[in-house]
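Note sheet for the following structure.
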Amino acid sequence: MLLFTKHLKLSAIAVAGLALCAHAAQAPQRIDIKQLSKTVEDVVVPLPNEIFGALNKLGAVNWKEHVRTDKGASFTERPRIALLLGTVIADGFVAVQAEDAPAVKEIGQKVLTLAKGIGVGNSITPHAKAITEAADKRDWESVRQELDRTQNSVQQAMNEVHDEKLSQLVSLGGWLRGTEVLTSVVTKHFSPDGAELLHQPDLLSYFQTRLERMPEYKVPILHEIQEALVDVKPLIDVGNRPIPRESVKKINDITTRLGNGIVTRD
Amino acid sequence: MTPFGKILFGQVILLAMLGLFRLTAFASVDDAQTFALQAAEPYVKQGFQVREDYWGGDLGSGEKKAVRQQLFKGNEYWFWLGTEVERAKISVHIYDSDGKLAEDPDGWEKGHFAAAHVIPKTTGSYFIIVSVEDSPEERTHWALVYGFR
């Protein structure tokens, strides 16, 4: 292990050296995006903290008022657990922003319980332990990293057993909770730059397409989300125009309603 | 060598060959990811958070792949591309949704590593174009990771 670490460090130094002496060849100034349509890979769904980081740069945010640790209902339906799991991981990122150690630890345990409920608990146990340890040390960077690893491990475990749809629901739950918090912050302290962070039409289309491919999940909340995304689409798919305050408020109302639906029983 | 010894020796050789085949056939995108992460390592010290998620696949010489990615104004991003094929030449570039080159000029490429840097002027979809410019292999595995701060 020590040898490996030494090797990795040496490699990293070598790569850093490469970066200093290497330059990119001239890339074309413009490409035809339409020609790429057949070779485009799926989006990687951004983590909530990617959006929260950008939001932080626009001004101080009182993250404590967005921390949520209530236990919520417990579910047996796997799609509902997956959605809730994504939401709870997003709550973890909010708690990290607020630097709220007890909340982070509580959320870490909740993630573990939900992961067990969906049959992927084994892959999460070491991460839940690491989250608790890092929260005790108030090492927020490590908590962030472990939350990312947690989501990744959950989704990899699901993909390995061909539960890709559940994996997508974890991403959707996280995105909805992240959007709920983002719109709540921007509604309270509106700025055009804050509202611009909602400009995510391709991501929304990605989720719409995925939901359309899940007819086998007869879960009312999924239909509710599907219908709500149709309402959200025109509010964020505005091209080069700014997203107005009223739209931000509307999206917050919608995502708050969906968020309540995800954590409570039908 | 006894007949039994010969059979045993043959089986050991066969198993070793199968093991080698498995390594080359299945471990390569993971290997490519290891190299992409190696390229990212120095940037972590500069405060970049490297995502656990990544894209990967294989391309022939001269082939390109586009990856669509949501970027947020206010953040700064690096994308790192790696392959396990040491003599391959790869590149990565960033374009906005109109197809206009959006990256900063400090991107770099060196053999089986390449990187591109962007501070997005607007929030929205961007295209990350990965390319195997040249490679001694028929198909070259690649992996792309990204980090932000």
- Query: What single numbered condition from (1) outside any helix (DSSP H, G or I); (2) surrounded by 14 or more Cβ atoms within 10 Å (Cβ to Cβ) fails to hold for residue A:248?
  - Reply: (1)
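To keep it simple, each residue is scored yes or no on (1) within 17 Å of the chain's Cα centre (by Cα); (2) within 14 Å of chain B (Cβ to nearest Cβ); (3) over 19 Å from residue A:64 (Cα atoms).
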{"site": "A:190", "(1), (2), (3)": "no, no, no"}
{"site": "A:209", "(1), (2), (3)": "no, yes, yes"}
{"site": "A:212", "(1), (2), (3)": "no, no, yes"}
{"site": "A:220", "(1), (2), (3)": "no, no, yes"}
- Query: Which of the residues belonging to the stretch B:89-126 are at the interface with chain A (Cβ under 7 Å from one of its Cβ atoms), closer than 21 Å to residue A:237 by Cα and of a type outside the set (S, T, N, Q)?
  - Reply: B:95, B:99, B:100, B:124
- Query: Taking only pairs six or more apart or across chains, which ones have beta-carbon atoms under 6 Å, a first residue in the stretch A:64-85 that is aromatic (Phe, Trp, Tyr), and a second residue that is surrounded by 18 or more Cβ atoms within 10 Å (Cβ to Cβ)?
  - Reply: A:75/A:81
- Message: Can you find a residue that is within 14 Å of chain B (Cβ to nearest Cβ) and farther than 15 Å from residue A:186 by Cα anywhere in the stretch A:65-85?
- Response: no
- May I ask you to say which residue of A:171, A:142, A:184 is surrounded by fewer than 24 Cβ atoms within 10 Å (Cβ to Cβ), hydroxyl-bearing (Ser, Thr, Tyr) and within 14 Å of another protein chain (Cβ to nearest Cβ)? A:142
- Message: Suppose we filter the stretch A:153-193 for residues that are in a helix (DSSP H, G or I) and either among the hydroxyl-bearing types (Ser, Thr, Tyr) or under 18 Å from residue A:256 (Cα atoms) (or both); how many remain?
- Response: 22
- Note on the structure: Of A:151, A:97, the only residue that is surrounded by 15 or more Cβ atoms within 10 Å (Cβ to Cβ), among the polar types (S, T, N, Q), out of contact with any His (no Cβ under 7 Å at 6 or more places or on another chain) and closer than 30 Å to residue B:65 by Cα is A:151
- Single condition residue B:58 does not satisfy, out of (1) more than 7 Å from chain A (Cβ to nearest Cβ); (2) under 15 Å from the mean Cα position of the chain (by Cα); (3) in contact (Cβ under 8 Å) with a residue 60 or more places away in the chain; (4) crowded, with 21+ Cβ neighbours inside 10 Å: (4)
- Message: Please list, ordered by residue number, the strands (runs of 3 or more DSSP E) wholly in the stretch B:3-83 having 3 or more residues that are at pLDDT 75 or above and within 22 Å of residue B:96 (Cα to Cα).
- Response: B:64-71, B:77-82
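The values are calculated or read from the model by the stated rules, or taken from the named source; none is laboratory data. Computed from a predicted model, the values in this text were never measured in an experiment. When we count neighbours, we look across all protein chains shown, and the Cβ atoms used for this are built from the backbone with ideal geometry, even at glycine.
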